[in-house]
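The values are calculated or read from the model by the stated rules, or taken from the named source; none is laboratory data. Here the structure is a predicted model, which is why all the values come from computation and not from measurement. Note that each Cβ is placed from the backbone with ideal geometry, even for glycine, and that neighbours are counted across all protein chains shown. Surface accessibility is based on the protein's heavy atoms, side chains included, excluding ligands, DNA and RNA. Shrake-Rupley method; radii C 1.70, N 1.55, O 1.52, S 1.80 Å.
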Amino acid sequence: DGNQLYDIVTYVKENTTDQEKNEYFGIAEGKNVIVISLESVQSFVINNTLYGEEITPFLNQLVEESFYFENFYHQTEQGKTSDHEFIIENSLYPLPSGAAYFTHSSNTYMATPEILGNEGYTSAVFHANTGSFWNRNNMYATIGIDHFYDIEAYEVNDLNSVGWGLKDKEFFEQSMKYLLNLPEPYYTRFITLTNHHPFELDEEDATIGQYHSNSRTLNRYFQTVRYLDESVEQFFNQLKESGIYEDSIIILLGDHYGISDFHNRSMAMYLDKDEITPYDHIQLQRVPLFIHIPGLEGETISDIAGQIDIKPTLLYLLGIDDSNDLSFGTSLFAPNRKEFVALRDGSFITDELIFTKDIYYNRLTGEEILNLNEALDDESELIIPDELVKLNEQVELELTYSDQIIYGDLFRFYNFEK
Ligand code: GP9
Ligand code: MN
């Protein structure tokens, strides 16, 4: 109701919307936007090797030429790919269970495509799957996506498909004609598919060997990741040849983890660890984020970041004032950032800490700082520093506020006009 919204607006205005502007504000003004979702890619494959061979040669090269965020976390839940779409377009958290794409596709939102639409942008999503998958067709209409190139827009047959459908190289290739016909400037998203569990690949497409462990899933993962790396390289070449590249800002990000905890033993073996601790689990939720602006030098950024920051970051780089928007993220280029990244289960990351499963860890070393369970078992006096209590409360509050917005469709009552 109105009171809930008032509290939320107050909180958001105090915590996220007051972005100081620096030289990055508007640095990509008027450019076309190309967002590439790297299905199931986790950061551990970037600048890493398998039996001495680079796994992602093209993406490694791209690290050098982009703003690369090495401590960027996915924040998705059960809605998987659709959750990552929901988070990056709205800067809201996904729901604790179910997928907002299914359950709240008729809500009022003020998503990136709507905001950019008001600035003269045309928006499009490219994804070679059935339009109703994740209820995308309905949600896209709600958030103002002008064109959805779903499976109907592609020529799909036995030869050019594997696993979940059209191979990514074919997907990018066939997408070019549509991209070239979009009125500029445009905001586009490309959702890849081949690097999806169970990571099937035709032999002729495999250019790196498999891993050898008890997990067939992890063993194959490296091959489909490499295939995706090559698909993206091919797409970049096509963007360059067609002249699109120069006028674009290209954002690449992982949507969510690809290797679940079920494969922890094999994962530990690959990472040369005895086991995957709760700390390691959180660190494995890092997915790559590249912000590539042709002509700018690359920089690897170690600050913590989350998918919730994508919307304000993009608007910031495009020079669009979003001070009356309601979002839970902050621009990754603004000097005054929010101090934590919250995951949907209440785990969170700060510059210094990782909190998960009732344990506070030192983020950089992985050392346990405080274990709430052990302290309680001991019957010892448990003293939790005030700042930790405050952080936990703020994370919970923020997740609750985001849920209230979605469950109550509260944006109906908010005036986004400046
Ligand atoms: C389906 C694709 C994969 O269209 O986006 O979805 P996921 O299983 O990763 O959520
Ligand atoms: Mn996915």
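Here are a few things to note about the model shown:
- Rounded, prolate or oblate (a/c below 1.5 giving rounded, otherwise prolate when a/b exceeds b/c) for region 266-418 by Cα gyration tensor: oblate
- Given their separation in residues at 0.36 nm each and the Cα-Cα distance between them, Asp274 and Asp386 gain 36.9 nm when the chain is fully extended.
- Modelled this way, with points 7 Å down the Cα-to-C-beta line, the labels at Phe133 and Leu397 are 4.1 nm from one another.
- Per residue value of the accessible surface for region 45-109 (all protein chains in place, 1.4 Å probe), Å²: 31
- Stretch gain in nm, segment Gln234-Ile301, where the contour uses 0.36 nm per residue and the Cα spacing is subtracted: 21.5 nm
- Peptides 162-170, 2-10, 289-297 ordered by average Cβ neighbours within 10 Å, highest first: 162-170, 289-297, 2-10
- Extension gain, Glu23 to Glu203: 0.36 nm times the residue separation minus the Cα-Cα distance gives 60.0 nm.
- In terms of its C-alpha gyration tensor, region 157-254 has a prolate overall shape, because the principal axis ratio a/c (a ≥ b ≥ c, square roots of the eigenvalues) is not below 1.5 and a/b outweighs b/c.
- Between Glu119 and Ser242, the FRET efficiency from the beta-carbon distance, with R0 = 25 Å, is close to 0.60.
- Anisotropy class of region 5-68 from Cα gyration tensor, a/c 1.5 cut: prolate
- Heavy-atom surface of region 238-371, accessible at 1.4 Å and reported per residue (Å²): 38
- Label-point separation, Arg265 to Glu374 (7 Å along Cα→Cβ), nm: 2.6
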